Every structure is written in C-alpha cells, then in structure tokens.
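All of the numbers you see were taken from the coordinates with simple rules; none came from a lab. Keep in mind that this is a model prediction, so the values were computed, not measured. Note that each Cβ is placed from the backbone with ideal geometry, even for glycine, and that neighbours are counted across all protein chains shown.
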Amino acid sequence: MRFLMTTLLVLCSVSAHARQATSLDQIDGCLVLPVAAVDIHLKATFEVTLDKTGKLKWITVASYEPHSEAAAKAALLLSKSVERCWPPGVKTSPMRITVDLSKI
C-alpha cells in the first residue's frame with residue numbers, strides 16, 4: 001500500500017519555490033492520498049503559512065478542480081495529510097503547493 005501511495009505521489013506534481021523542492025520531497029513517504037482524490041483526478045492548490053521557527057501555522061485550500069462537493073471534501077482531507085507530514089526546515093512563508101492528480 002505504501003508503494004502505491006508513493007508511486008501516486010511521484011506522479012503528482014508538487015510545485016513550490018525551487019529552493020524548497022528538496023524539502024517538500026520529504027513528504028512523499030508520509031503523505032496519504034485519499035482514494036476519492038485519485039478517483040476524481042483532483043487538482044488542488046494549498047496555501048501554507050509558517051511561523052517564524054518554520055512550523056506549519058495553518059494550511060488552507062486555495063483552489064481545487066473539478067468543482068464538486070466530492071472534490072472539496074477530498075481537497076480538505078489532502079490538506080490535513082500535508083499538514084501532518086510537513087517537513088522541518090522549510091522557511092519560506094507563505095507558499096503555495098499544488099498537488100495535481102489529473103494525469104493519473
């Protein structure tokens with residue numbers, strides 16, 4: 001199951017500032033993709049705000065596609081997973097992260 005999740009995560013694109021890409025790769029071993037997100041080919045953008053020490057202060061769903069109730073719920077579940085798996089050492093705030101499962 002972990003292999004499937006890791007493979008799906010590798011297939012999705014996570015965009016952030018170039019200097020933060022290595023740190024964000026640390027999430028892939030932890031991130032759990034909701035089945036609904038994969039089934040509906042969710043594309044979600046999250047805005048992440050950190051405190052001065054680099055700890056995640058809050059995460060919000062900035063946008064998601066397709067526009068449906070199922071996609072909204074899947075994006076919220078995915079944001080909680082990103083929050084739980086946030087890597088230490090990231091200092092850029094605020095930042096936007098896009099997870100694109102539309103090509104899977």
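Sorting THR49, THR98 from the fewest to the most surrounding beta carbons within 10 angstrom yields THR49, THR98.
Couplings for region 64-80, taken from phi via the Karplus curve 6.51 cos²θ - 1.76 cosθ + 1.60 with θ = phi - 60°, read 7, 9, x, 7, 8, 5, 4, 5, 4, 5, 5, 5, 5, 4, 5, 5, 5 Hz in order; Gly and Pro are left as x.
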